[in-house]
1. Going through the cross-link list K87/K155; K37/K108; K45/K113; K219/K254; K113/K213, which pairs have a Cα-Cα distance over 32 Å in this structure?
2. Taking the simple approach of a point 7 Å from Cα along Cα-to-Cβ for both N318 and L3, what is their distance in nm?
3. Given a Förster distance of 35 Å, report the FRET efficiency between T154 and E189 from their Cβ-Cβ distance, rounded to the nearest 0.05.
4. Let me check I've understood the local charge: for T161, count other residues with C-beta under 13 angstrom from its C-beta, Lys and Arg +1, Asp and Glu -1. What total comes out?
5. Please go through segment 123-202 and write out the GluC sites (Glu not before Pro) that DSSP classes as loop and that have at most 15 other C-beta atoms within 10 Å.
6. Using a 1.4 angstrom probe and counting only protein chains, how large is the accessible area of S315 in Å², to 10?
7. I want to check the label-to-label distance for K263 and K87. Put each point 7 Å from Cα in the C-beta direction and report it in nm to one decimal.
8. If you stretched the chain out fully between K27 and K73, how much longer would it get, using 0.36 nm times the residue separation minus the C-alpha to C-alpha distance?
Amino acid sequence: MMLKNVQIKAYQVGLVYKNRNLKEILKEGNYWIVGKKNVEIHEMKEQFKTDEDLNLLLKNEDLNALLDLVEVKDGELVLMYENGIFKEILNVGQYAFWKGIMNRQFQKIDLTKVEITERVSKTILENMKLRNFIRKFVVTNQYKGLLMIDGKLTKVLDAGTYYFWNNEIPVEMKCIDTRLQQMEIAGQELLTKDKAMLRINFYVRYQVEDIVKALMQNKEYDKQLYILMQLALREFVGALTLDELLLKKDTVGKEILSNLGNKAEDLGLKAADAGIRDVILTGEMKEIMNQVLIAEKKAQANSIMRREETASTRSLLNTAKLMEENEVLWKLKEMEYMEKIADKIGDITVSGNTNIVTQLKEIFAK
């Protein structure tokens, strides 16, 4: 007769098998096992694992009462917590845990849906063990996102981090910058109404107001805005002569935006500001404008010279009238001129024996 001693320690359970049939459950203590029996010792702090068929073992009412049975079906996931702390993920299968030692909670997850409706904290969603079961999308600050589930628009999302269960249903996030942006429309060669060829650098500042219109109802909204502004600029410049355009250069942007109407709104955009940055004349046109400018400046100079000459002549006429009416003024003017002449005379020659003073008087006096 076979006889062996088995000691079951605290937080252990012994299962006695005979011919693979569960015969007895041993709790803490010292036991003598008689005959051909096999004893499995299990730690109650750990998951119950055995090589025997679990379903058959659970038919034993005493064992069933000691275990928590967790069954995870296809399309499901179970999060196991011990004393309120996330511990493990249970995939498809059957699991048994000993009762009474650890305070375990089991949270069942439905993986057949996309959105996370269960109460699972972000800390757990970021856990490495859940990485393969989670889809994570980030909408950065100053952006908005369009959530597409199974190819259908679901909702508009503000800045933040979003999590979804990972399954066969496709999930896509389209993000767009909602800040004020600037578009350059450079090097546009245009003809004015009077056939002057120009190259214009233009800009427009815009902002996305309706993300659904911009991304769902329009393809490449920014390229469409570029073409709209390009055509509006061409139409506006073509209706003005070169001189008119140069005069209106600072107000072109406002007028173009006004003529643009609701076309920008149809793209989901709001055009805030626009304007001409540079007006560049082509080679021949530049030479012609330079010649016109030179001619204008020459005409202005001639006009100024004529005005000065007229003023000078009028001043002389007024002086002559005063001198004619006043003999003393005449003498003063005559002496002024004589003084100027004397400054330029180097030598004075007198002849004969005539008195020198008399001869000088004859030279400078009337």
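The values are calculated or read from the model by the stated rules, or taken from the named source; none is laboratory data. Keep in mind it's a predicted model, so treat the numbers as computed, not measured. Counting neighbours? That spans all protein chains shown, and the Cβs are built from the backbone with ideal geometry, glycine included. Heavy atoms of the whole protein, side chains included, go into the accessibility calculation; ligands, DNA and RNA do not. Shrake-Rupley method; radii C 1.70, N 1.55, O 1.52, S 1.80 Å.
1. Numbers: K87/K155 34 Å; K37/K108 39 Å; K45/K113 34 Å; K219/K254 26 Å; K113/K213 28 Å.
Going by Cα-Cα distance, K87/K155; K37/K108; K45/K113 fall outside the 32 Å limit.
2. Inter-label distance under the simple model: 15.3 nm.
3. Working: r = 46 Å, r/R0 = 1.31.
Efficiency at R0 = 35 Å is approximately 0.15.
4. On the way: positive: K122, R135, K136; negative: E126, D158.
Local charge sum for T161: +1.
5. Values: sites: E126, E168, E172, E184, E189; in loops: E126, E168.
When the GluC sites (Glu not before Pro) of segment 123-202 are filtered for loop state and at most 15 Cβ neighbours within 10 Å, E126, E168 remain.
6. Roll a 1.4 Å probe over it and S315 shows about 60 Å².
7. For the pair K263/K87, the computed spacing is 6.8 nm.
8. Working: separation 46, 0.36 × 46 = 16.56 nm, distance 3.24 nm.
Computed gain between K27 and K73 is 13.3 nm.
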